[in-house]
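Here, each number is a calculation from the coordinates, and none is a lab measurement. Since the structure is predicted, the reported quantities are computational estimates derived from the model, not experimental observations. Neighbour counts run over all protein chains shown; Cβ positions are idealised from the backbone, glycine included.
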Amino acid sequence: MQVAVLGMGVMGAGMARSLLRAGHTVAVWNRDPAKAASLASEGATVAETPADAVRGADAAVTMLFDTDATLDVVAGAVDAFGPDTVWVQAATVGPDGTARVGELAAKHGIAVLDSPVLGTKAPAEAGKLTMLVSGDAALVERARPVLDAVGARTVVVGDRLGQASALKLACNSYIATLTAAIGQSLELARSLGVDPALVLEAFAGAAADSPYLQLKGKQVLSGEHPTSFAVDGVVKDVGLMLDAAREVGLPDALLRAVHDAFRRASAAGHGAEDMAAVVHSFTPSS
């Protein structure tokens with residue numbers, strides 16, 4: 001297929017590479033052209049504008065920061081979408097953001113799928129993301145070569161736009177809460193005079209152990225946080241969770257605490273670092 005990928009951040013660049021590896025023809029665009037330039041040597045066409053990337057494409061994947069960025073970029077390319085182009089909206093924008101995406105698509109006669117992803121940098125680079133998708137079943141099948149190239153599996157959530165985005169928020173609420181809990185646990189051990197590495201050792205092989213605990217725990221202990229999912233991205237996503245929880249009347253005390261933890265880490269200068277940097281929220285004040 002001919003595929004456009006708009007947004008060359010950590011996730012978009014990895015997805016573009018997976019598409020190239022699967023044999024698709026790929027055009028890429030990014031607001032900062034330097035972030036897209038490296039894909040040229042790997043076989044992608046670097047487009048000057050979003051419209052240039054989308055023109056002639058069978059599928060257009062958007063992986064941008066938030067709803068406003070997504071709508072702004074696609075609004076400048078609506079005339080380039082052909083009647084058979086499928087817009088695969090992969091950014092985390094929440095149900096409300098997806099409704100706005102659907103409105104733009106309907107206004108311009110664009111076929112669109114709600115398809116946020118589970119996974120971070122390494123799965124994106126390896127084509128091992130989990131694709132969450134909702135929308136018209138026929139569109140899902142048309143986009144299947146793209147979904148299969150970037151994902152290890154696809155979870156079809158339903159036929160309504162927004163259902164996949166709702167599931168994404170539910171899944172990310174677990175990941176954000178778990179990461180904050182890991183940082184708090186290790187910093188509590190350190191503050192009480194215990195080697196925090198012993199937390200990971202104590203859990204090793206137990207029912208509460210997990211590869212994620214060991215991975216993020218070791219990142220916290222090393223003090224180095226190579227970015228797979230940035231703190232500022234978590235702040236944005238948990239904000240979407242809070243909006244969604246309030247709309248349905250779900251008690252949000254835990255979400256507010258998690259949001260506050262990541263906001264403190266961002267305010268301390270760690271916004272661009274990996275979410276493991278949330279540990280800085282738990283440093284004792286004295």
Notebook entry, point to check: If you place +1 on the Cβ of every Lys and Arg and -1 on the Cβ of every Asp and Glu, how big does the dipole about the Cα centre of segment 100-205 come out, in debye to the nearest 20?
Noted result: 260 debye
Item checked: Calculated over the chain: convex hull of Cα atoms, volume per residue (Å³) -> 134 Å³
Check: In what sequence, highest mean first, do 247-254, 113-120, 208-215 appear when ranked by Cβ atoms within 10 angstrom?
Finding: 113-120, 208-215, 247-254
Check: Mean residue ellipticity at 222 nm from the helices of the chain, using -39,500 (n - 2.57) per DSSP H segment of n ≥ 4 over the full residue count, to the nearest 500 deg cm²/dmol?
Finding: -15500 deg cm²/dmol
Margin query: Viscosity 0.890 mPa s, temperature 25 °C: give me the Stokes-Einstein translational D for segment 127-286 in µm²/s, with Rh taken as the Kirkwood radius over C-alpha pairs.
Written below: 142 µm²/s
Notebook entry, point to check: What do you get for Rg/Rh over segment 1-71 if you use C-alpha atoms and the Kirkwood form of Rh?
Noted result: 0.92
Notebook entry, point to check: So, in Å, what gap is there between the alpha-carbon centers of segment 113-153 and segment 34-54?
Noted result: 21 Å
Notebook entry, point to check: If contacts are Cα pairs under 8 angstrom and at least 6 residues apart, what is the relative contact order of the chain in percent?
Noted result: 14 percent
Next item on the list: Report the charge-dipole magnitude of the chain in Debye, nearest 20, computed about the Cα centre from +1 at each Lys and Arg Cβ and -1 at each Asp and Glu Cβ.
Entry: 300 debye
